[in-house]
1. In square angstrom, what is the accessible area per residue of the stretch 14-89 with a 1.4 angstrom probe?
2. Compute the long axis of helix 59-81 from its Cα atoms, compare it with the longest principal axis of the Cα atoms of the chain, and write down the angle in degrees, 0 to 90, nearest 10.
3. Quick one: among ASN98, ASN43, ASN136, which has the greatest mean-square fluctuation in a GNM of the chain with alpha-carbon springs under 10 angstrom?
4. As an exercise, take the mean of 1/r over every pair of distinct alpha carbons in the stretch 12-59, invert it, and state the Kirkwood radius in angstroms.
5. Ignoring ligands, DNA and RNA, what percent of the 1.4 Å accessible area of the chain is carbon and sulfur?
6. For the Cα atoms of the chain, what angle does the longest principal axis make with the long axis of helix 139-151, in degrees from 0 to 90, nearest 10?
7. What do the square roots of 5 times the Cα gyration tensor eigenvalues come to for the stretch 71-120, in whole Å, largest first, as semi-axes of the equivalent ellipsoid?
8. Which value results when the Cα radius of gyration for the chain is divided by 2.2 N^0.38 Å?
Amino acid sequence: MLSPLKPGAIDQKPLDGLQHPSGDAFRVEATLLESGVEHILVNPQDMYLEWPYEQKSTMAETLADYNARVINMLKKMQELTGDPALSKYCFVLFNEPNGIWFGGNASGFFAAWKELYTQVKQLNPNIKVGGSAASNYSTQWVNNFLTYCYQNNCLPE
């Protein structure tokens with residue numbers, strides 16, 4: 001059913017994610033690739049059952065927990081695929097950050113982005129990351145995000 005649509009990219013939940021019943025990226029990978037999908041985007045935040053995404057008592061605790069979950073998920077995928085670079089995937093580190101965890105706090109998001117980006121690249125510098133995945137388009141948001149990323153060596157692929 002997917003092949004006639006000729007999708008170039010598709011967005012799936014992460015391995016063992018709790019949101020979206022359509023299947024996580026790893027489990028549906030073969031079907032997606034057979035259908036011509038070239039880019040499998042993964043939203044790690046969809047590991048959470050609830051939306052908006054669950055939070056701990058503080059943002060620092062939330063991010064520490066989330067970052068650890070993302071890195072553990074990536075390690076598990078590396079082990080299962082045998083591909084340390086996870087080359088078939090692009091991980092969209094945060095989904096709608098300007099509307100969920102970081103509404104009105106762009107600088108907080110940018111710092112969180114850099115921290116998780118750095119952790120992912122330390123795991124394997126060839127893992128592709130995507131973002132910012134804002135909840136709506138804003139020229140100012142995109143320009144500020146990309147300027148920050150350029151200045152801090154954390155540009156998304």
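The values are calculated or read from the model by the stated rules, or taken from the named source; none is laboratory data. Note that the structure is a prediction, hence the values are computed from the model and not measured. Counting neighbours? That spans all protein chains shown, and the Cβs are built from the backbone with ideal geometry, glycine included. Just so you know, the surface numbers come from the protein's heavy atoms only, side chains and all, with ligands and any DNA or RNA stripped out. Shrake-Rupley method; radii C 1.70, N 1.55, O 1.52, S 1.80 Å.
1. 53
2. The answer is roughly 20 degrees.
3. ASN136
4. By the Kirkwood definition, the hydrodynamic radius is 11.6 Å.
5. Percent of accessible area from carbon and sulfur atoms in the chain: 52.
6. Result, in degrees: 90.
7. The three semi-axes for the stretch 71-120 are 27, 10, 8 Å.
8. The chain yields a ratio of 1.02.
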